[in-house]
Amino acid sequence: MHTTGPIGGRRPTRRTLLKAAGAAAVAVPALAPAASAATAVGADIRADWDVIVIGAGFAGITAARELRARGKRVLVLEARDRIGGRTWTDTYGGQLIERGGTWVEPTQPYLGAELTRYNLALEEDEPISTTWLPTPDGPRQFTPEDGFGRMGTIFERMFDGSRTYFEKPFQPLYRADLLQSLDKLSLRDRLTQLALTPAEELLVNGQTAVYAGGASTAGAFTMFAHWWALAGHTNAGWNDTMRWRIAKGTKALLQAMIDEAKPTIKLSSPVASVSESGSLVYVTTTSGTRYNAAAVVVAMPVNALNTVKFSPSLPASLTTATSQGVAVSNAVKLWIHARKGAGRVYGQGAEGGSPIPMLLPFKETSEGMLYVAFSTDPTFDPTSVAQVKKAVQQLGATLDVIGVKVHDWGRDPYARGGWAFRKPRQLTTLYPEVTFTSGRLSFASGDIANGWSGYIDGAIESGLRAARQAAGEE
């Protein structure tokens, strides 16, 4: 949910990237039967599986596919009754929606390779017509070009120097000498350093607050700066991260991976414990079913790792990460269905203002328009139409709300948080150790990607790495 809005004209070269013919069909996950042959892992002990993957989100399914390509017998255990993890393709108002991760960017290297591999078509968001932004005198209507242009100018000042301290964005600690001091800063610290005018501050602090989980003091300056660097160190590149969607949903990509690899997938199988004993790893579900394998890929959100009992214990870096949390713990995503009239309106609030600090238009329906919104306010009831109407009015916009579809990722027992956003000092104290293996265990999650942490691209990156580790290649 990262944006400063689509500003300016469209880049014609972008369209040439997107001439994909069709998309893979969304289907029920293929559940291949378990292989009957055993794999020798010791003199007298044989594993039921070569690798068990815990989690059927993008990190887990990527790892499973790569391991299947290496000839491994792979079992995927998924806690939910669906694939996708923190991505979740659904329908509302007669339209395909994403209750979790939504936007994709074809120039992100790992995701872009998958879009090409499966020939998946993309769909571009239509331009915003009206923009409401906070000012010292209250919400004010701007043209998109003016409003987003003003924000972009501030962000360019905010991240000035990123070409130096994130010289190689996919090697985030390449300039660790420069990052040691910068990683101490919160977003609030950096905004204070800029000495912005009250009007300038209001244009951006709603975004810095919601990304960080509700307060700019909670999020690391280096997290936002890292995204900016990955997007090419430009406002135009940053805007493009919320411009495209997979035409048939994120599930279409996941299903294409599953159809190719055909791993065995067991849904509704939350894991209670993972223990290493000799040459085997034993994975026990909450129902008491026990499986074993020569290696395990733990593809769970970092915030949820502490719901599983590990023996031996998690590595120190991951123990710290799951204790502190990486993903925003009070993240709520809303899909608002409103009657016709407001149009393609974008609304953004100031930090500490509306409990909905960001509202974006999506698609027309037979009755009106769908909007996507985010909240990190624990006192807000996103299921209340009355509260949603009031929150949107505080942005300056007026919607005649028909209904709301909500998912509270913070209260989701298998996520315990939404989008990833590191806290101050986490980059320099947790990396690169969080990406290493621990005995026969490898860890995968978009939360601990070297590159696009918090994005599908990062989840795929981490799944590829974990598969290599589980196969003994690094």
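The values are calculated or read from the model by the stated rules, or taken from the named source; none is laboratory data. Worth saying up front: this structure is predicted, and the values here are computed from it rather than measured. Positions of Cβ are generated from backbone atoms using ideal geometry, with glycine treated the same way; all protein chains shown enter the neighbour counts. The area values use the complete protein model at the heavy-atom level, side chains included, leaving out ligands, DNA and RNA. Shrake-Rupley method; radii C 1.70, N 1.55, O 1.52, S 1.80 Å.
One table, with the values for the structure above:
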quantity: Dimensionless Rg ratio for region 418-474, taking C-alpha atoms and the 2.2 N^0.38 Å reference; calculated: 1.11
quantity: Volume of the Cα convex hull of region 218-289, divided per residue and given in Å³; calculated: 236
quantity: Sparse-neighbourhood loop sites, trypsin sites (Lys or Arg not before Pro) in region 397-474 - DSSP loop, at most 14 other Cβ within 10 angstrom; calculated: ARG411
quantity: C-alpha long axis of helix 250-261 to longest principal axis of the chain, angle in °; calculated: 20
quantity: Reciprocal mean inverse distance between Cα atoms of region 320-361 - Kirkwood radius, Å; calculated: 13.1
quantity: Accessible carbon and sulfur surface of region 143-254 relative to its total accessible area, %, 1.4 Å; calculated: 51
quantity: FRET E, pair GLN180, LYS309, Förster distance 41 Å, beta-carbon r, rounded to 0.05; calculated: 0.75
quantity: Distance in nm between pseudo-label sites at GLU473 and ARG70 (7 Å out along the Cβ direction from Cα); calculated: 0.6
quantity: Extension gain from THR164 to ALA247, taking 0.36 nm per residue of separation minus the Cα-Cα distance; calculated: 26.2 nm
quantity: THR91-ASP381 pseudo-label distance in nm [points 7 Å out on the Cα-to-Cβ vector]; calculated: 3.0
quantity: Quarter of Cα convex hull surface for region 351-474, i.e. mean projection, nm²; calculated: 10.5
quantity: Gyration tensor (Cα) of region 131-260, equivalent ellipsoid semi-axes in angstrom; calculated: 27, 23, 13
quantity: Peptide ranges 257-266, 443-452, 308-317 listed from the most packed, as the mean C-beta count within 10 angstrom indicates; calculated: 443-452, 257-266, 308-317
quantity: Area projected by the alpha carbon convex hull of region 120-204, averaged over all directions, nm²; calculated: 8.1
quantity: Descending principal axes extents, region 201-256, alpha-carbon based, whole Å; calculated: 42, 24, 20
quantity: DSSP-defined antiparallel bridges as percent of all bridges, the chain, nearest 5; calculated: 70
quantity: When each of LYS266/LYS423; LYS184/LYS309; LYS248/LYS333 is checked by Cα-Cα distance, pairs over 30 Å; calculated: LYS266/LYS423; LYS184/LYS309
quantity: Rg(Cα)/(2.2 N^0.38 Å) for region 41-199, N = residue count; calculated: 1.52
quantity: Paramagnetic label zone (point 7 Å from Cα along Cα-to-C-beta, GLN141; backbone N under 16 Å) in region 91-128; calculated: 128
quantity: Mean projection area, nm², convex hull over Cα of the chain; calculated: 21.5
quantity: Paramagnetic label zone (point 7 Å from Cα along Cα-to-C-beta, GLN324; backbone N under 19 Å) in region 175-198; calculated: 175-190
quantity: In region 137-173, chymotrypsin sites (Phe, Trp or Tyr not before Pro) in a DSSP loop with at most 16 other beta-carbon atoms within 10 Å; calculated: PHE170
quantity: Calculated log₁₀ intensity ratio I(q)/I(0) where the Debye formula runs over C-alpha points of region 358-405, q = 0.32 Å⁻¹; calculated: -1.55
quantity: Mean separation of Cα contacts under 8 Å (6+ apart) over length of the chain, as relative contact order %; calculated: 24
quantity: Region 285-408 pair-distance distribution - Cα-Cα, 10 Å bins, rounded %; calculated: 12, 33, 19, 18, 15, 4
quantity: FRET efficiency, GLN193 to THR429 (Cβ-Cβ, R0 35 Å, nearest 0.05); calculated: 0.95
